[in-house]
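Everything below concerns the one structure shown next.
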Amino acid sequence: MTSSQSSATTTVRNSRPLPVLLDMAMSGPKDIEAAETLGSIVDAAGPNADTSEQILTELRRRADSGDTTTRFRVLQVLLEIPGDLSDDFIAELSGDDSPELAATARAALERRRR
């Protein structure tokens, strides 16, 4: 078991670190590590687990931000989460008002669907 898997397993059992990880993924100096950990948590728990739903619900809330950087950070986390739920969410972001974000989401979705 890798350290990120161990961390993911611990976090799945105790969801209190989720807000911290989500905040880190949105603005922290360890944003990539936080996004990877969140992806590992969802992957380990499964898409229908309460923890996964909490993460995706919070990402949806944050995706409603008027701040393009925040929406890019949401996309960054989604790219770490395998499966249809994240693909559908990425597809939604491919229609974003920001041409850069929309293009990035479209390209990422095409790559994931290969």
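Overview of results
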quantity	calculated
Nearest-20 debye value, the chain charge dipole, Cβ charges on Lys, Arg, Asp, Glu	220 debye
C-alpha long axis of helix 17-27 to longest principal axis of the chain, angle in °	30 degrees
Using alpha-carbon coordinates, inclination of helix 99-112 to the longest axis of the chain, degrees	60 degrees
Shape call, region 55-114: gyration tensor on alpha carbons, a/c limit 1.5	oblate
Tilt relative to the chain, helix 31-45 - C-alpha long axis, 0 to 90 degrees, to 10	70 degrees
Extent along principal axes [Cα atoms of the chain; Å; largest to smallest]	38, 29, 22
Relative exposure of Ile55, Ile90, judged by other C-beta atoms within 10 Å (fewest first)	Ile90, Ile55
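Just so you know, all these numbers are worked out from the coordinates, no wet-lab data involved. Note that the structure is a prediction, hence the values are computed from the model and not measured. Cβ atoms come from the backbone with ideal geometry, glycine included; neighbour counts cover every protein chain shown.
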